[in-house]
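Step one of this worksheet: look at the structure below.
The values are calculated or read from the model by the stated rules, or taken from the named source; none is laboratory data. Please read all numbers here as calculations on a predicted model, not as lab measurements. Here the Cβ positions follow ideal geometry from the backbone for every residue, glycine too, while neighbour counts run over all protein chains shown. Side chains included, ligands, DNA and RNA excluded: accessible areas come from the protein's heavy atoms. Shrake-Rupley method; radii C 1.70, N 1.55, O 1.52, S 1.80 Å.
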Amino acid sequence: MPLLHIDHRLAGIADAAARANTRRSPFRRSHRRRISTPAGSERAFEADCALELTGSFVEALATGDTDTLGATCSATVHARTPTSDTSGIGALSDSMKLEAPAFTDIDVTIESLIVAGSDVGAEWRLHAFHGGQLHVDWAVIEATGQTIALDGVLIGHATLVETDEVERYVFDDVHVYYDTTDLVVQLGLT
């Protein structure tokens with residue numbers, strides 16, 4: 001997907017929130033989170049569902065939990081991160097398979113969340129302990145024993161999946177951004 005298309009989606013999310021006179025209100029779960037949604041409108045994708053989907057997806061990326069990735073993504077998901085660009089849940093899961101998680105003691109906080117229709121924009125913060133091998137395109141980083149605090153952004157589009165047991169939203173297109181240089185510095189590799 002071209003960068004221009006991403007910018008267009010971001011502008012669309014921001015415009016929808018501004019038109020609806022969006023207000024931020026506290027929304028409590030296991031973490032401190034702020035959510036913005038169009039006030040008083042019927043939404044196909046509720047804020048609490050978007051919050052759980054976003055938090056679960058970010059945590060699954062950090063742990064390499066392919067079961068949770070499968071539960072939060074469609075079979076044809078297109079996922080982009082600073083270290084990968086995959087199409088399909090199989091390719092995404094293969095890129096995340098680890099013998100042991102690179103990060104443990106994970107705490108994900110959704111700092112702010114904007115929901116416009118089925119589009120989600122979220123700022124997140126991840127605190128984690130680096131205790132296992134971290135596989136990136138250019139290297140394998142052995143455990144450093146460092147605790148990191150990484151900030152990032154998720155931009156995604158969700159779709160409703162209906163099964164015999166339950167209806168649920170999953171990402172069918174998702175971009176995750178974070179500063180890889182900041183991660184390398186926090187791991188003490190520079």
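Among the residues of the stretch 138-190, those identified as of a type in the set (Phe, Trp, Tyr) and either open to solvent by 60 Å² or more (accessible area, probe 1.4 Å) or touching a Gly at 6+ places or on another chain (Cβ under 8 Å) (or both) are Trp138, Phe171, Tyr177, Tyr178.
When residues in the stretch 85-103 are screened for being open to solvent by 30 Å² or more (accessible area, probe 1.4 Å), hydroxyl-bearing (Ser, Thr, Tyr) and in a strand (DSSP E or B), 1 of them pass.
Look at (1) assigned to a loop (DSSP other than H, G, I, E, B); (2) at pLDDT below 85 and you find that Thr144 fails only one, number (2). Of all residues in the stretch 165-190, those satisfying the criterion of being free of Cβ contacts under 8 Å to residues at least 12 places away in the same chain and either among the acidic types (Asp, Glu) or closer than 23 Å to Ala139 by Cβ (or both) are Glu165, Glu167, Thr181, Val184, Val185, Thr190.
For Thr54, the test of being among the β-branched types (Val, Ile, Thr), crowded, with 19+ Cβ neighbours inside 10 Å and either part of a helix (DSSP H, G or I) or at negative phi (or both) is passed. Can you tell me which residue within the stretch 57-67, out of those that are touching a helix residue (DSSP H, G or I) at 6+ places or on another chain (Cβ under 7 Å) and farther than 26 Å from Ile114 by Cβ, is least open to solvent (accessible area, probe 1.4 Å)? Here the residue is Gly64.
Scanning the stretch 47-85 for residues that are closer than 12 Å to Leu154 by Cα and of a type in the set (Val, Ile, Thr), we see that the one that is modelled with the lowest pLDDT is Thr81.
Looking only at the stretch 68-78, decide whether some residue is open to solvent by 60 Å² or more (accessible area, probe 1.4 Å), of a type in the set (A, V, I, L, M) and over 21 Å from Gly188 (Cα atoms). Within the stretch 68-78, one or more residues are open to solvent by 60 Å² or more (accessible area, probe 1.4 Å), of a type in the set (A, V, I, L, M) and over 21 Å from Gly188 (Cα atoms). Note on the stretch 107-137: residues that are crowded, with 16+ Cβ neighbours inside 10 Å and either under 14 Å from Asp173 (Cβ atoms) or hydrophobic (A, V, I, L, M, F, W, C) (or both) amount to 16.
Do we find a residue being crowded, with 16+ Cβ neighbours inside 10 Å and at pLDDT 90 or above anywhere in the stretch 24-37? Within the stretch 24-37, not a single residue is crowded, with 16+ Cβ neighbours inside 10 Å and at pLDDT 90 or above.
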